[in-house]
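To keep things clear, I will list the structure first and then write my remarks on it.
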Amino acid sequence: MPTASETLKALYGAYRLARLDAGGMAYFDSSIGGFWRSFFAAVMVAPFYALLLQMRYETGAVAASAGRFAAVEIIAYVIAWVAFPLAMVSVARVLEREERYLGYIVAYNWAAVLQNALYLPIAMIGVAGGMGAGSANAAGLVALFLILGYSWFVARTALAVGAGTAAIVVALDLVLGIVINSVAESML
């Protein structure tokens, strides 16, 4: 588990990257220890994601039993946090960026905290009926484009690759997320 200081420093680095400041990379611990501690980001996001899932379940949007819903979503959450970093091991090798892999995944994981801080409130307001379906979808789409742009900048900066290569890395992440979500939804 990272110290409070390391967590704040990493979140500040993620914030700087969100402002398209490549200097944000200097705030991450790109060592093997920093790599493993960056997965604490999943722990930070989990309570808010669980709240969204609870809201979805309570509105009757899910036909599965509570136990099945929880089991499927917990497994999907863990897979979602692990699948892309695993896939990137091979991608980094193909791109000849193995030396940048740890730093990229560290930045990627901490950036996910900010991405979820943008997306989850929109999703919660939409599920709670705080805005119409059209408005919720539009806000979600805007958030998605902002997140994709942010992810592209993180990939381009951390991996030191061109714009097209960064776009392919982001597309891989997006496709993996869609597949994981689709499989989980099909199980419910």
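The requirement of being touching a residue at least 40 places away in the same chain (Cβ under 8 Å), touching a Leu at 6+ places or on another chain (Cβ under 7 Å) and among the small types (G, A, S) is not satisfied by G34.
For the range 137-167, which residues satisfy the criterion of being among the hydroxyl-bearing types (S, T, Y) and either touching a His at 6+ places or on another chain (Cβ under 9 Å) or not in a helix (DSSP H, G or I) (or both)? Passing the criteria: none in range. Residues considered: A50, A63, A76, A70. Of these, the only one that is over 21 Å from F28 (Cβ atoms) and not in a helix (DSSP H, G or I) is A63.
Filtering A87, A80 for residues that are surrounded by 17 or more Cβ atoms within 10 Å (Cβ to Cβ) and either of a type in the set (G, A, S) or out of contact with any His (no Cβ under 8 Å at 6 or more places or on another chain) (or both) leaves a single hit, A80. Number of residues in the range 82-136 that are more than 20 Å from Y49 (Cα to Cα), hydrophobic (A, V, I, L, M, F, W, C) and assigned to a loop (DSSP other than H, G, I, E, B) equals 1. Restricting A171, A128, A107, A111 to those that are of a type outside the set (V, I, T) and more than 30 Å from A92 (Cα to Cα) reduces the list to A128. Can you confirm whether A184 is part of a helix (DSSP H, G or I), surrounded by 13 or more Cβ atoms within 10 Å (Cβ to Cβ) and either out of contact with any Ser or Thr (no Cβ under 9 Å at 6 or more places or on another chain) or basic (K, R) (or both)? Against the criterion (part of a helix (DSSP H, G or I), surrounded by 13 or more Cβ atoms within 10 Å (Cβ to Cβ) and either out of contact with any Ser or Thr (no Cβ under 9 Å at 6 or more places or on another chain) or basic (K, R) (or both)), A184 qualifies. Scanning the range 69-79 for residues that are at pLDDT below 95 and within 12 Å of the chain's Cα centre (by Cα) returns no hits. Would you say V183 is β-branched (V, I, T) and under 28 Å from A26 (Cβ atoms)? Taking the combined requirement at face value, the residue does not satisfy it. Please verify whether V62 is modelled with pLDDT of 95 or more, over 13 Å from the mean Cα position of the chain (by Cα) and more than 20 Å from T7 (Cα to Cα), treating the condition exactly as stated. Here the answer is no, as V62 does not meet what is asked.
If only residues of the range 1-30 that are assigned to a loop (DSSP other than H, G, I, E, B) and in contact with a helix residue (DSSP H, G or I) (Cβ under 7 Å, 6 or more places away or on another chain) are counted, the one that is modelled with the lowest pLDDT is M1. In the range 161-175, of all residues being touching a residue at least 12 places away in the same chain (Cβ under 8 Å) and surrounded by fewer than 17 Cβ atoms within 10 Å (Cβ to Cβ), the one that is nearest to R97 (Cα to Cα) corresponds to T165.
The values are calculated or read from the model by the stated rules, or taken from the named source; none is laboratory data. None of the values given here were measured: they were computed from a predicted structure. Cβ sites come from the backbone with ideal geometry, for glycine too, and all protein chains shown count toward neighbours.
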